[in-house]
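Structure, as structure tokens:
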Amino acid sequence: AVPGYNLVLTIDKDIQEAAYKAMQRDDHIGPRIGGVVVMKSNGEILAWVNTPSYDPNNFSTGIPPQVWAQLINDPFRPLRNKVIQDHFSPGSTFKPIIALAALQEKVVTPTSVVYSPGTLKFGRRVYHESHKTSHGSINIVKAIEVSSNVFFYKMGIALGIERMAPYAKLLGLGQKTNIAMTHEVSGLIPSSEWKVKKLGEEWQPGENLSTAIGQGFVLVTALQMAVA
């Protein structure tokens, strides 16, 4: 017999346990459905949680048919590795990436002040702050702090999709991280060329606004956002 190699994990027991408990909170909402990943800047994974989950011991000697049926018919998909297999609109967590683009492209400077009322009329549509509250004249740091939709709508108008998408892609969004795990999905960072090719439609100016706040066609995984 020859000893095998040691398997050493980067998972931190305390952080993993805290992440698990956070997804099992007993409040008015109940247990959370989704994934959690905590990563160090060097790429080490400190915590990785998917909920709902399952008991892997059930698979060790052949899973009973009734247990298998329960798992595959569960609408919350416990067998999916949600951190890398589910993609979603990142919402306001996407705003710092648009801030980066706006600064790099000199749309604003760190001290530029932009008026950010509770609503913004663009074309025939009125776009709102999430709480319909005016933030007044704010700089980019304050805009991130209060998560101002209107500020970033204005950044989206000024930048356009062709100057937003490259920064998101440079940070790894819309593409696989190539972590050594199976079934990772790539997500999507849209472009005008993508829309014409995929949907046969031209990119619309209003779509710059939804993209700037991480909505619209933007799709990312939790792992991609952690890497970004």
- Message: With every protein chain left in place and a probe of 1.4 Å, what is the accessible surface of Met155, to the nearest 10 Å²?
- Response: 10 Å²
- Task: Count charges around Thr133 for me, please; just the other residues with Cβ under 14 Å from its Cβ, Lys/Arg as +1, Asp/Glu as -1.
- Result: 0
- So how tilted is helix 13-23 from the main axis of the chain? Cα-based, degrees 0 to 90, rounded to 10. 70 degrees
- Query: To the nearest 20 debye, what is the magnitude of the charge dipole of the chain about its Cα centre, counting +1 on the Cβ of each Lys and Arg and -1 on the Cβ of each Asp and Glu?
  - Reply: 620 debye
- Message: Probe of 1.4 angstrom, ligands and nucleic acids ignored: what's the accessible area per residue over region 41-159, in square angstrom?
- Response: 57 Å²
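Test of understanding: what is the full-extension gain from Ile15 to Phe76, defined as 0.36 nm times their sequence separation minus their Cα-Cα distance?
Here the segment from Ile15 to Phe76 would lengthen by 19.6 nm.
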- Here the residues of region 1-29 lying in the modelled label zone of Lys40, meaning backbone nitrogen under 11 Å from a point 7 Å along Cα-to-Cβ, are 10-12
- Query: Between exposed chymotrypsin sites (Phe, Trp or Tyr not before Pro) in the chain, where DSSP calls loop and at most 12 other Cβ atoms lie within 10 Å, what's the longest gap?
  - Reply: 77-228
- Item | Solvent-accessible area, 1.4 Å probe, carbon plus sulfur percent, for region 93-228 | 55 percent
- Query: Taking the chain as a Gaussian network, where each spring joins two C-alpha atoms under 10 Å apart, which residue of Asn58, Asn149, Asn81 fluctuates the most?
  - Reply: Asn58
- Item | Rounded accessible area of Ile63 (nearest 10 Å², 1.4 Å probe) | 40 Å²
- Message: For the chain, take the longest principal axis of its alpha carbons; what is the angle in degrees between that and the long axis of helix 149-159, to the nearest 10 within 0 to 90?
- Response: 70 degrees
- Query: Between Gly34 and residues 5 or more places away or on another chain, which pairs have amide H atoms under 5 Å apart, with H built 1.01 Å from N, and which residues are they?
  - Reply: Thr51
- Note on the structure: Note to self: C-alpha centroids of region 12-91 and region 147-204 sit apart, in Å, by 27 Å
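How large is the Kirkwood hydrodynamic radius of region 37-90, counting all unique pairs of alpha carbons, in Å? All intermediate terms of the calculation are to be shown ahead of the outcome.
Numbers: mean 1/r = 0.0759 Å⁻¹.
Hydrodynamic radius (Kirkwood, Cα pairs) of region 37-90 is 13.2 Å.
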- For region 59-75, what does the Karplus curve 6.51 cos²θ - 1.76 cosθ + 1.60, with θ = phi - 60°, yield as ³J(HN,Hα) per residue in whole Hz, taken in order and with x for Gly and Pro? 8, 6, 10, x, 7, x, x, 5, 5, 4, 4, 5, 5, 6, 9, 5, x
- Query: Rounded to the nearest whole Å³, what is the per residue volume of the convex hull around the Cα atoms of the chain?
  - Reply: 195 Å³
- Task: Can you tell me the 0 to 90 degree angle between the C-alpha axis of helix 95-104 and the longest principal axis of the chain, rounded to 10?
- Result: 50 degrees
- Quick one: net charge of Ala99's neighbours, Cβ under 15 Å, K/R +1, D/E -1? +3
- Message: Within 11 Å, Cβ to Cβ, of Lys195, how many net charges do the neighbouring residues add up to if Lys/Arg are +1 and Asp/Glu are -1?
- Response: -2
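The values are calculated or read from the model by the stated rules, or taken from the named source; none is laboratory data. In this text, all values refer to a predicted model and were calculated from it rather than measured experimentally. Every residue, glycine as well, gets a Cβ built from its backbone with ideal geometry; the counts of neighbours run over all protein chains shown. Accessible surface is based on the protein model in full, side chains and every heavy atom, while ligands, DNA and RNA are left aside. Shrake-Rupley method; radii C 1.70, N 1.55, O 1.52, S 1.80 Å.
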